[in-house]
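J.: Below you will find the structure I want to go over with you.
The values are calculated or read from the model by the stated rules, or taken from the named source; none is laboratory data. Computed from a predicted model, the values in this text were never measured in an experiment. All Cβ positions, even for glycine, are placed from backbone atoms using ideal geometry, and neighbour counts span all protein chains on display. Areas reflect the complete protein model, heavy atoms only, side chains present, ligands, DNA and RNA absent. Shrake-Rupley method; radii C 1.70, N 1.55, O 1.52, S 1.80 Å.
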Amino acid sequence: MEPLLKALDHYLAAVEKRPAADGTRPDLRPAMEQLESVALEHAPSADAQLRHYLTQRSYRKAYHYLRGEDHLNKAGNCGRH
């Protein structure tokens, strides 16, 4: 799951980037495409909770889960985590 954790880390770091001084926002597409590719590869073999996070695109929750920090995840609208 190391490639998935790295892809999640890369994506979440890109999301946190501030707009440039001229107001342009960072392009998230490359990080998102990489993450979706890795997530699709790992989702079928993932346990049920991680698979749920990935299919719902709850990427921050998946990141915490993989790092053993699932206690940081708040309940979502689905009634699960």
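J.: Where does helix 29-42 land angle-wise versus the long Cα axis of the chain, in degrees 0 to 90, nearest 10?
T.: 20
J.: Just the accessible area for Met32, please: 1.4 Å probe, Å², rounded to the nearest 10?
T.: Probe radius 1.4 Å; accessible area of Met32 about 50 Å².
J.: Using a 1.4 angstrom probe on the protein heavy atoms only, line up Arg51, Arg29, Arg18 by accessible area, largest first.
T.: Result, largest first: Arg18, Arg29, Arg51.
J.: Next question. Would you mind telling me the share, in percent, of accessible area of the chain contributed by carbon and sulfur at probe 1.4 angstrom?
T.: 49
J.: If you don't mind, another one. At 1.4 Å probe size, with every protein chain present, just tell me what the per residue accessible area of the chain comes to in Å². Present the calculation step by step, with values, prior to reporting the outcome.
T.: Numbers: 5540 Å² over 81 residues.
Accessible area per residue, the chain: 68 Å².
J.: Let me ask something additional. Kindly report, to the nearest 10 Å², the accessible surface of Leu8 as traced by a 1.4 Å probe over protein heavy atoms only.
T.: Result for Leu8: roughly 0 Å² accessible.
J.: A further question follows. Among Leu28, Tyr53, Leu40, flag the residue with its Cα farthest along the positive direction of the charge dipole of the stretch 18-81, charges on Cβ as +1 for Lys/Arg and -1 for Asp/Glu.
T.: Tyr53
J.: With only Lys, Arg, Asp and Glu charged, each at its Cβ (+1 for the first two, -1 for the last two), find how big the charge dipole of the chain is about the Cα centre; round to the nearest 20 debye. Each step should come with its number before you reach the end.
T.: Working: 12 positive and 11 negative charges, 63 e Å.
Roughly 300 debye for the chain.
J.: Can you tell me the mean projection area, over all orientations, of the convex hull of the chain's alpha carbons? Units nm², please.
T.: Average of the hull's projected areas for the chain equals 5.8 nm².
J.: Using Cα-Cα distances under 8 Å and only pairs 6 or more residues apart, what relative contact order does the chain have, in percent?
T.: 28
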